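Structure first, commentary second.
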């Protein structure tokens, strides 16, 4: 044996089987060593191993059966009932099941009378074995060769375990109610349930769905009735109907077999109504569109009112295109303007006043500054297509000329006055667009009372008037070159309060005075009437004046008419304060003021009227004109409205 | 001011409910429903309008149904709280029997089909009358429990009250249907009395038995009445 073992181990080192079982085999196989013998031994070993392991694998633990479980007991009609159980594992051996029961208060154990009627693992109690209102104690026993197992007992009372069969004979019919279809569903109770005697009272429930909608049931509770109406159907739909029942104290039955029904198409009526509605609304829409189209313009005006463009009344654009200017502007000419019977002075032509510039410039400056507000100088000696309003921007402003005159005449005063005038030139001028006459700020001589109150215009003007008178008297001395010097400046009064009436009077008075001054100088026309031209209006509404060029060159006194301007000479002013214009006269008419000796009576020379009549007419002296009736020709064709202005009674 | 406005809006519905509507409906509140005293004067006119038999039967059946439902709920409540699972299944083994066992009441369908209307009604009446007293006892017993829930107590109380009205209804029904006069009696005793103070476990088991027996008897009452109803084929169609 040992040698065998040794041989074995030596020969077959892989296999280390050293069981005693191997030994007898080896003894049996004591045969001469070789390949065949080796193979045989291997086979034997393998066989034994297989047996060994399979024996282990096939080994069963036979055991008693597992406890069965009772699932439920049901009675379909409260007269019989059935109990079912679930068997456990049977332990590998054939197992039998038995059901035993006891009735309440009785120790007698009965076995299930019927194991087969109700199927596998069930027990059926027929009518005779069924007692109602009696507790049954039921248990199931599983038995096999090794043992038995008892299930848990169950106490039941038949009346509490009623689960009826589903209702039967379900019928569904499509009925019509005033054109609208509905389903009439009817059924029968399960045939076993005795509802007729009232033994069982059943309540029903049904459910409906469309064929294409899975699991979307619509439930209806039907109570104890056996028919039901279903409304709100979809036309052309296919419906499925099912019904179930339940006793008053019990379980719901299963759903009955499905009943199919198809609802016929009934929407023709609906469709026709919709067609009617659509047509009607289309008609209304068309009518509205047509109305809108017809009234589109007025609607446009309503919704989007047109923005008024600039338009002058009476001004025809087409004429402008044609290029006929006369016709165009004829529309602009307002008839009866200027009003012939203007009562207010502001509507009249405002004369310019020639103001005597005193020696002391400061006061004047003060005053001028104080009084400066808005000035308008109306040029009365010219008639243009303008409405006759005075405008400071005419180049016949006296101020400029006066400034130059001062220079020539006086060195000192002129300088100062020039400064003043220049200052005045640059004073702010407000054009009063309303047509009121505004005159330049007063540049009176430095009378103390002037310097104080610019608002007290009336008084100041009167005093100024007196002053001018005095100055005029002063100036009448001939040859006095050192007179105060005519600085002819127009003066404007700031006229905020439109108290023009007295002012203009005074102005005119002053102007006359200044004209007197002018006459002293001789036939220097340039100082007599110096005109300034508006250079420009700066941003502070100040009119910048400049002397009119090429005006003062003629010493003869030819008035320097601005060349190329459209001026017409004023012949005179009639009683109605109307300017009588002269055609453009010759120079002869205009020129000689020197030789003119006028007493205010006609003549070519025109003098500004003065209030005072103390002046003697000298050569080229302005004389006061009785303004009531005379029409004076200006020396240079200009009518000095100052004289005209003194026609209050006219 | 905002909070004031919020308060106003918040309290307006409450105000409406509690003050305005009662004021508006004050006249209606004064109409109080008084139960009719329907005792007939001797030789006098019956002041109360009588109810029809069908309606009375329906009403009685409704009563019985309700009583059964409430008793079923009470029983299951009691079972959950007090009865361990093992004992639930061994009700009958404890030896407690229903008190009404001895009553001559049909217990199978065949019996019931053979019995007459009169006996059906009388059976119902017997059942009702036999349970009035035990329910009172049950109520007192339950009140002794420390942990008895209020719902259970309320239900049992309600049931005992309704049972009395059911008895009255059945008496009237008997009178109408059978033209018999019966006395509503509480004097019938003897079915149940317990003098000794029971032990706790016994008490619980007894109450449990009592409840389940009553539940069963309530179902009997309901069934009898429904059978009676369907027997009136000229007035009802139970098919």
For A:190-200, mean number of other protein chain Cβ atoms within 10 Å: 4
Highest average packing first - A:239-249, A:185-195, B:171-181, Cβ atoms within 10 Å: A:239-249, A:185-195, B:171-181
Inter-label distance, nm, simple model (7 Å from Cα along the C-beta direction), residue A:148/residue A:275: 8.4
Per-pair calculated FRET efficiency, R0 = 22 Å: residue B:111 and residue B:232 via Cβ, rounded to 0.05: 0.65
Overall Cα dimensions of region A:168-271 - principal axes, largest extent first, Å: 52, 29, 18
Label-point separation, residue A:96 to residue A:175 (7 Å along Cα→Cβ), nm: 5.9
Packing-based ranking, highest mean first, of A:152-163, A:86-97 given that Cβ atoms within 10 Å are counted: A:152-163, A:86-97
Shielding of B:103-115 by partner chains, average beta-carbon count, 10 Å: 3
Test item: B:219-225 mean partner chain Cβ contacts at 10 Å: 4
Estimated FRET transfer efficiency when R0 is 51 angstrom, pair residue A:260-residue A:295 (beta carbons, to 0.05): 0.25
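Throughout, read-outs are computed from the coordinates displayed, never taken from laboratory work. Everything numeric in this text was worked out from a predicted model, so none of it was measured. Backbone-built Cβ (ideal geometry, glycine too); neighbour counts: all protein chains shown.
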